[in-house]
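Only one structure is covered here, and it is reproduced in the block below.
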Amino acid sequence: MIVPMKKISLVMLDSGRRASLAALRELGVLHLQIEQRGSETLEELEEKRSRLVRALQLIPQLKKKTAPAADQGPQDDFLLAERVMEMSERERELKEELGRWGREKARLEEWGDFDPEDLAELRERGIHLRLVKMNRGDRETLSEEQTVFTVAESRDVVWAVVAAPERETALPGEELAVPAVGLSEVNRRIRGIQEELVAMASELEGYVVRRKSVESTIARYDDLLEFERAGEGMTRDGMLAHVTGYAPVESLDAVRRAAARKQWALLIEEPDEEDPVPTLVRNPKWIRIISPVLDFLGTLPGYREYDISMWFLLFFSIFFAMIIGDAGYGCIFLLLTIVARAKFRRAPPQIFFLLFVTSLCTVVWGAITGTWFGVQGLVESGSALSSFVIDPIASFPPQGVDAMKNVMHLCFLIGGVQLSVAHIKNLVKKLPRLAAYAELGWLAILWGMYFLIRLIVLENGDFGVLQSWLPGPWLLLGGLLFIVLFDEQQGRFLRGVGLGLAKLPLKLLDSIGSFSDIISYVRLFAVGLASVEVAKAFNSLAMDMGLSLPAGLGAAFILFFGHALNIVMGALSLIVHGVRLNMLEFSGHLNMEWTGIPYKPFRDNEVGQTTE
């Protein structure tokens, strides 16, 4: 449920503003609504925090199996950050320099090692040596006055030293400019850079043990920044200062006591529609197991929206079971969940309980549909597992049973039920206003579309099948009537009816949306069917390999690879389809916008979590 909030306004003496803020932080229940204002102090704090964060990003993570090197760095976290940033800049410079010397090495390697100063000394004595890379045919074009010394050669290319008069400026091929240093000096400099990089990496490894200290300092600066922003953002008028915030209803007594003790003027009121009220979601433990999924999606309902955690958990478990679809896979998930929970005892328990529930649901669905690794023989008549199978929805149905049609029908029925929950919640929320009764119209439209889908998809458009179609027209017409009469009611009945008639074309388009939303639930059938068929295909392929030892190993590999691939595809489908039906179709009928502001009370970071 979304915890009810109250709007809190406090007035205090401006001279005691910082002391009052300290008291509010100690109280730790008020989500402040403050204006963002700048100051020199804020800029200084933000700059210091930014340096610490950049340094922390550069310090490597501690590897469990490797003992960290000794920390020889500065003991002050800010001096450490400066040293790390200096090392980062020096590393960048060294890598650029290493790249330049690496290119120079590649340029000189074919020429071998020589000292460029020797060439300069020979030039002073009148001997001009030029380094030329030329084709073999170009060698024949040189004059008799030019002496050629071959340094290296390949099939088509010659690296040569040409002794030529100074006036000869044009030589065939590509002439190498005399380098500043020779190859041995290049290699020496490369080794020096590499050694310096290794030393810096070793020094940085030694700072691993300082990560917690830096993280703690960053958290402390987060507190300082929050405190300073709150102080700068408060409204001040003469001798008085004013702050507004929001607190859960159960915290009001604590706020009243603090206000009386600190002599603050206090006003508690209901939030206005325009107020940015934060959202605090609090549910029983059995519902909170769905929170990892919602956290992963990054979704939070607005304060005046719905907490759909319970319904998300219920239908997500059903969708999980139908998409994975195989009891054998469910058993694997269940076993892996138990092993993972035993291994990671300190991890948050919600994800393990969620996997335990969804795995059990998968086992149940797979058992009643007779799906165990896609092997039909396991559920044949007389087997132990066949007693759990419900023939009308079985993956391997008896002769004459159209199980595919029945499962599709079940998917449409699940869609109708889930979307009906959305409109019933809307109805309850809007009561006692007249506009609430428009939700009855949308419910009628929804089920009218359900019967239309049954007619088109399951009965192939046979209008003679009255049991599939007969309620449909009346539900659609009655639903539109209720929508016209009540959907636009805002106080004056006739004016609301007129607006409803004017917007009827738009309502018709929304009605068609109900058709497509229910159709969307057929994806549960399609993905589940695909999973069964993929399993059957790999099983058949493995059986065709034979029973000899090499063939048996090949068959085992095919089975392992095929079923592992099927499980991965099912998991991806679960994210794409199972989450979508909750977050789009269901949430769309609830008119959810997921505009929630997380409830973050003004308090120290060490106090605890801000949500429950």
Practice prompt. With everything on Cα atoms, drop me the angle between helix 40-58 and the longest principal axis of the chain, reported from 0 to 90° to the nearest 10.
Written response: 70 degrees
Fill in: For the chain, size of Cβ-based charge dipole, Lys and Arg +1, Asp and Glu -1, in debye
2920 debye
Item to complete: Specify the inter-centroid distance of the stretch 85-104 and the stretch 274-298, based on alpha-carbon positions, in whole Å.
Response: 48 Å
Fill in: Dipole of the stretch 395-532 [Lys/Arg +1, Asp/Glu -1 at C-beta], most positive-end residue of 529, 398, 486
486
Discussion item. Going Cα to Cα from residue 503, which aspartates and glutamates come in below 15 Å? Please leave out same-chain ones fewer than 8 positions away.
Written reply: 487, 488
Response to the item:
Under the helix-only model (-39500 (n - 2.57) for each DSSP H run of 4 or more, divided by the residues of the chain), the mean residue ellipticity at 222 nm, to 500 deg cm²/dmol, is -18000 deg cm²/dmol
Practice prompt. For the chain, build the charge dipole from Cβ charges (+1 Lys, Arg; -1 Asp, Glu) around the Cα centre, then report which of 209, 438, 193 sits farthest towards its positive end.
Written response: 438
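In percent, what relative contact order does the chain have, based on Cα pairs under 8 Å that are 6 or more apart in sequence?
Reported relative contact order: 19 percent.
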Fill in: Among 290-301, 96-107, the order from most to least packed when residues are scored by Cβ within 10 Å on average
290-301, 96-107
Worksheet item: Quick one, what does Rg over Rh come out to for the stretch 272-327 if you take C-alpha atoms and the Kirkwood Rh?
Response: 1.09
Worksheet item: Residues with beta-carbon under 15 Å from that of residue 395, excluding residue 395: net charge, scoring Lys, Arg +1 and Asp, Glu -1?
Response: -3
Item to complete: Once you have a ≥ b ≥ c as the square roots of the Cα gyration tensor eigenvalues for the stretch 170-314, tell me rounded if a/c is under 1.5, and otherwise prolate or oblate according to whether a/b is larger than b/c.
Response: prolate
Response to the item:
the stretch 334-428, Kirkwood Rh and Cα Rg, ratio Rg/Rh at 1.12
Worksheet entry | Value of Rg to Rh for the chain (Rh from inverse mean 1/r over Cα pairs, i.e. Kirkwood) | 1.15
Worksheet item: Mind checking which lysines have their C-alpha under 22 Å from residue 536, skipping anything on the same chain fewer than 8 residues away?
Response: 405
Worksheet item: To the nearest Å, what is the center-to-center distance of the stretch 490-556 and the stretch 392-448, using C-alpha atoms only?
Response: 14 Å
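Values in this text are rule-based calculations from the coordinates and carry no lab data. As the structure is a prediction and not an experimental result, all values here were calculated from the model. Every residue, glycine as well, gets a Cβ built from its backbone with ideal geometry; the counts of neighbours run over all protein chains shown.
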